[in-house]
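Below: the structure, in structure tokens.
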Amino acid sequence: VQLQASGGGLVQAGGSLRLSCVASGRTFSRYSMGWFRQALGKEREFVAHIAWAAGATYYASSVKGRFTISRDKAKNTVYLQMNNLKPEDTAVYYCAARQSIMLDQRPSGWGDWGQGTQVTVSS
């Protein structure tokens, strides 16, 4: 699986960004897609999960109500719409894929990763 993330940038607190992740190399009907983030000096953490076929979603408590994960099957693309951004959302954001529809919040549970895209939120 190849994953190509894009859409990061610099935004003021309260602003919005939409990240995209184009996936290729597989049929994803039995896959989950996810977004993780890693702030400087911190461990990589789970942000959001979507089951590719059914579209069921799950969010980390820190982003629930502000972030939305979605997918476009025709484009093999996963999105992360981020609203009301806060300085603590600053991190490198990674998309990931795993061969299961079950939720797993551990980075070690995901086998394929994109290259990461930087999101910086200024106060």
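The values are calculated or read from the model by the stated rules, or taken from the named source; none is laboratory data. Predicted model only: the values in this text are computed from it and were never measured. Because the Cβ atoms are built from the backbone with ideal geometry, glycine has one as well, and the counts that use them run over all protein chains shown. Side chains included, ligands, DNA and RNA excluded: accessible areas come from the protein's heavy atoms. Shrake-Rupley method; radii C 1.70, N 1.55, O 1.52, S 1.80 Å.
The lysines within cross-link reach of K86, meaning a Cα-to-Cα straight distance under 25 Å and a gap of 8 or more places when in the same chain, are K42, K64.
Gain on full extension, evaluated as 0.36 nm per residue between L40 and K64 minus their Cα-Cα distance, stands at 6.4 nm. Treating r as the C-beta distance of T27 and T120 and R0 as 41 Å, the FRET efficiency rounds to 0.70. Coupling constants for region 58-69 follow from the phi torsions by the Karplus curve (6.51 cos²θ - 1.76 cosθ + 1.60, θ = phi - 60°), and in residue order they are 8, 10, 5, 4, 5, 10, 4, x, 10, 10, 9, 9 Hz; glycine and proline get x.
What a 1.4 Å probe finds exposed on the chain is 47% carbon and sulfur by accessible area, rounded to a whole percent.
Spin-label model, Q99 to N83: label points 7 Å out along the Cα-to-beta-carbon direction sit 3.8 nm apart.
Shape analysis of the chain based on the Cα gyration tensor places the equivalent ellipsoid semi-axes at 23, 14, 13 Å, largest first. Put a plus charge on the Cβ of each Lys and Arg, a minus charge on the Cβ of each Asp and Glu, and nothing anywhere else: the dipole of region 1-65 about its Cα centre is then about 80 debye.
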